[in-house]
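> Quick one: the structure is below, questions incoming.
All of the numbers you see were taken from the coordinates with simple rules; none came from a lab. Given the structure is predicted, the values throughout are model-derived calculations rather than measurements. We place every Cβ from the backbone using ideal geometry, glycine too, and count neighbours over all the protein chains shown.
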Amino acid sequence: MHSWTDTLRFAFQPVVNLATGGVAALEILARPESGDVLAQARRDPELDGRLAVLAVRAAARQETLLPLHVNVFAGTLADLGGLTPLHDAVREAGRLPWEVTLDVVPPYTHVPQPALLEALAALRGQGFRIGADGVGEGDVPLRLLVDIAPDLVKLDASLLTRPAAVRAMRTLCDESGALLAVEGVETELQCAAALSAGAQLAQGVLFAPPARLPAADVYVPPRVPGVVSATRSGPSVREFVRPAALLPATASAGQVRALLTGSPDVSGVLLVDRTGVPVRSVHRSRFLLSMSGRYGHALYADRPAARLGDPPRTVGVDATAWEVLDVVAVGDRDRTSDDVAVVDGHGRCVGVVRLADLVRALAETQVEEAAGLNPLTRLPGSDVITGEVDRRLAAGRTVALSWLDIDHFKQVNDGAGFAEGDELIRSVGRALGYAASGSTRVGHIGGDDFLVLAEPECLDPLVAAVLDAPWSAGGRPVTLSLATVLCRPGSVSDHRQAAACLAPLKKAAKSLPGTSWVLGYAGLPGHEIRRGSPPMAATRTDAVAAEPGVG
């Protein structure tokens, strides 16, 4: 007599670390060849528990040493409690409980929550990790999700079309110490969206489809240089340029060897064409290792050195240090110590930068920025924002600089107390941070004042997310005032002039009753009222028509 286990097989799908591109774990998926065992398991806790045991045993037969993810219905856990057979199967397989994550699968409707939480506490006490699966498409209540306190939250890829929700979930995960994963990723755009929204792990057919054998390799889309770095400022690569050791593209290996042995400080040689454009990069250690091998000199000395080189890694002279790191991150890991060629607008080499110099400088920058964070909101102060304003103005970009504060904040503190006032400031800061997208930068310049630097096309969604929200402190409604100045190329020279143009707009916004937003252009008179109404006795200032794509 045949059993349902005779036609049951298991497939393995990798869970990918988006930062390293490596496989972080394997999820084990039941694949019955006939019948709907999973639908039965949803109704039969004993069957579902048996499936979890068989999944662990299937992984043991594959001799995989990767951490495992095993699916269990929430109703099963509430009904069976600690799943003692699963614990025994893990021990028999030679694995440790903390190498196994139990992905708790919906539905949660009609599942007794106290019993579920009690079972999860018992499993966590045994060492198992807990994952909340199907968040976004499932029916897990938010309060229950918080009570579960999972080690991992798995979002459905459909939520990537709502990046604000993913970012909010990442914040929740950060607060609880959980990791955030996105499952069902099928396209490179979804992968990029997951990264941008803050997901740390992902799985889906893009990386590797479920297979009978655990995948040895997975596909992870390369990060496009400039896309990630567009959200980060940093020191210019010009600050780290070193002289480059250059030889013609036709140079022999013997010529390169002579240069390297005569110049111990040179870490590599760039072979350039007649116009100075790098065509090959020769790394010192790899090259000398090839030359010093048996017959190495005889084989290569008189031959073109280009045969022992690699394609050069290049960045533009206007790149930031973060962009260089993006370039280094793409490709073979054994090339992370290679010099990166810095090229001008014609592709000609003007020098090289070394990874060690960049890492050291960026680490110092991060320490300095951390020291400058406002202790109340953990947002940077005005120096970070104004420095970025100057960089964008120097690059000829249109700058949208906004100032925001809380109306009558002293009355808020006097009426509701300073603790409520502090919490209101923190809440406004969080809202600005959540609403920020792309290259938007948010700063807290003290008290209830914030600075926001954004691309003009990002203004409307950011403003709507913050100004349209109901604000209160101590049960009393609170309004906000926002002023924005658009600085087109050539209208101002630095952040000081931008701030001077912003000052009258701040005054105009504060003069309007209720929540308000006024927008003006640097160098042009007047302003436009985007939120709020002027007092009855006041005459509206001549409005400046909004440019296409702004507002």
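> Where the only charges are on Cβ atoms (+1 Lys, Arg; -1 Asp, Glu), what is the dipole of the range 237-359 about its Cα centre, to the nearest 20 debye? Write down the numbers at each step before the final one.
Values: 15 positive and 14 negative charges, 108 e Å.
I would put it at about 520 debye.
> While we're here: For the range 12-166, give the magnitude of the charge dipole about the Cα centre (Cβ charges: +1 Lys/Arg, -1 Asp/Glu; no others), in debye to the nearest 20. Don't skip to the answer; put the middle values down first.
Values: 13 positive and 19 negative charges, 49 e Å.
Computed about the Cα centre, the dipole is about 240 debye.
> Rounded to the nearest 0.05, what FRET efficiency do residue 172 and residue 126 give with R0 = 22 Å and r taken as the Cβ-Cβ distance? Could you check? If you can, show how the numbers build up before the last one.
Details: r = 25 Å, r/R0 = 1.16.
That gives a FRET efficiency of 0.30.
> Among DSSP bridges having both ends in the range 373-531, what percentage is antiparallel? Round to the nearest 5. Write out the running numbers ahead of the final one.
On the way: 26 of 32 bridges.
If we restrict to bridges inside the range 373-531, about 80 percent are antiparallel.
> Any chance you could get the radius of gyration and Dmax over the Cα atoms of the range 237-359, in Å?
Cα-based Rg and Dmax for the range 237-359 come out at 14.1, 44 Å.
> What are the extents of the Cα atoms of the range 11-87 along their three principal axes, in Å, largest first?
39, 29, 23
> Please list, in chain and number order, the residues 5+ apart from residue 352 or on another chain whose amide H is under 5 Å from its amide H, with Hs placed from the backbone.
When sequence neighbours closer than 5 places are left aside, the close amide H contacts are 242, 244, 342.
> Further question: Quick one: work out the % antiparallel among DSSP beta bridges in the range 77-202, nearest 5.
Working: 0 of 14 bridges.
Roughly 0 percent of the DSSP beta bridges within the range 77-202 come out antiparallel.
> While we're on this one: Along the charge dipole of the range 237-359, Cβ charges K/R +1 and D/E -1, which of 315, 288, 237 sits furthest on the positive end?
Ranked along the dipole, the leading option is 288.
> Another question, if that's okay. Answer with one residue from 456, 521, 421: the one whose Cα lies farthest towards the positive end of the charge dipole of the range 373-531, charges on Cβ with Lys, Arg +1 and Asp, Glu -1.
Farthest towards the positive end: 521.
> What share of the DSSP beta bridges in the chain is antiparallel, in percent to the nearest 5? Could the numbers behind the result be given before it?
Numbers: 51 of 87 bridges.
Around 60 percent antiparallel, to the nearest 5.
> Would you kindly derive the ³J(HN,Hα) couplings of the range 149-163 from the backbone phi angles with the Karplus curve 6.51 cos²θ - 1.76 cosθ + 1.60 (θ = phi - 60°), listing them in order in whole Hz, with x for Gly and Pro?
Per residue, the Karplus-derived 3J(HN,Hα) values read 6, x, 7, 8, 10, 9, 9, 6, 4, 4, 6, 5, 6, 10, x Hz.
> At a 10 angstrom cut-off on C-beta neighbours, averaged per residue, how do the peptides 466-473, 74-81 rank from highest to lowest?
Descending mean neighbour count gives 74-81, 466-473.
> Per residue of the chain, what 222 nm ellipticity follows from adding -39500 (n - 2.57) for every DSSP H run with n ≥ 4, rounded to the nearest 500?
Computed mean residue ellipticity for the chain: -11000 deg cm²/dmol.
> Might you report the magnitude of the Cβ-based charge dipole of the chain about its Cα centre, with Lys and Arg at +1 and Asp and Glu at -1, to the nearest 20 debye? Provide the component values of the computation, followed by the final result.
Values: 52 positive and 62 negative charges, 293 e Å.
Here the size comes out at about 1400 debye.
> With a/c under 1.5 counting as rounded, go ahead and sort the chain into rounded, prolate or oblate using the C-alpha gyration tensor (a ≥ b ≥ c being the square roots of the eigenvalues; past the cut-off, prolate if a/b is larger than b/c, else oblate).
oblate
> Also, quick follow-up: To two decimal places, what compactness ratio does the range 373-531 give when its Cα radius of gyration is scaled by 2.2 N^0.38 Å?
Rg over 2.2 N^0.38 Å, computed on Cα atoms: 1.00.
> Let me ask something else about it. The range 135-200 to the range 490-535: how many Å between their Cα centroids?
What the calculation gives is 38 Å, centre to centre.
> A further question follows. Sort 10, 450, 409 so that the residue with the fewest other Cβ atoms within 10 Å of its own Cβ comes first and the one with the most comes last.
Details: 10 20, 450 26, 409 17.
The fewest-first ordering by Cβ neighbours comes to 409, 10, 450.
> Let me ask another. State the answer as a single residue: which of 346, 180, 533 lies farthest towards the positive end of the charge dipole of the chain, with beta carbon charges of +1 for Lys and Arg and -1 for Asp and Glu, about the Cα centre.
With unit charges placed on the Cβ atoms, the residue in question is 346.
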